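Here the structure comes first, spelled out in structure tokens, and everything after it is commentary.
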Amino acid sequence: MNTKKWASALLLAGLTLGLASCGKKKANEEPEPTHEPTPTHVYTITKVEVSPKEVVLEGEVGRTNLEEINFGDAVLGTGKFTEVTLDDNTITFTGTKAGAKFQAKVKGGGIILLPKYGKMPIEPELGKFEVTGDKISGTLKLEKYNMFLLLANLKNQLISEELTKVLTALGKANTSSTITFEGTLKK
């Protein structure tokens, strides 16, 4: 009978030690990452460039100012960028047009995605950005201008007949344009 008591006591002690050691963190383990929201950062834009600034299209459209088209109502609708706000998973561009903002999704690695509207099956990549210290720099690649015409229709956004012709011509010509931007963190 003494043997049974000793065996039970050893078994109980072993279980107690085992359970106690399971709860302790090993010295080389890193703490679990927390999923707190990323703080919002606002950057004042110090440089914005559109390349090319103009294209010449065949037909009645002719010379087209891509800077005006890119920042105008049919594409981004912001006016020339003045500020960029970087949040948890969004980037918001504010421009010279009062009250107008363009918001896009952000995916890991600084990839900017055009947000889905209506029945769009995907979120196409719109550009990339990088934050280094208190500076942000990035590039938006605008192509498939007829897609922006489709987006305007999906959002029930009224655009002029002239602008519809221009976007259609830009789409047919497979025109692409790049907007590069740089900014400094607001303090």
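Over the stretch 125-187, average the accessible area per residue using a 1.4 Å probe and give it in Å², no decimals.
Working: 3690 Å² over 63 residues.
Per-residue accessible area for the stretch 125-187 comes out at 59 Å².
Round to a whole number: what % of the accessible area of the stretch 81-186 belongs to carbon and sulfur, probe 1.4 Å? Taking all protein chains in place, the stretch 81-186 shows 51 percent carbon and sulfur surface.
Of the listed pairs 144/187; 116/165; 165/186; 107/165, which have alpha-carbon separations greater than 31 Å here?
144/187; 165/186; 107/165
Within straight-line reach of residue 105, meaning a Cα separation under 14 Å, sit the following aspartates and glutamates at least 8 residues removed in sequence or on another chain: 87, 88, 123, 125.
The values are calculated or read from the model by the stated rules, or taken from the named source; none is laboratory data. Computed from a predicted structure; not experimentally measured. Note: areas computed on protein heavy atoms with side chains; ligands, DNA, RNA excluded. Shrake-Rupley method; radii C 1.70, N 1.55, O 1.52, S 1.80 Å.
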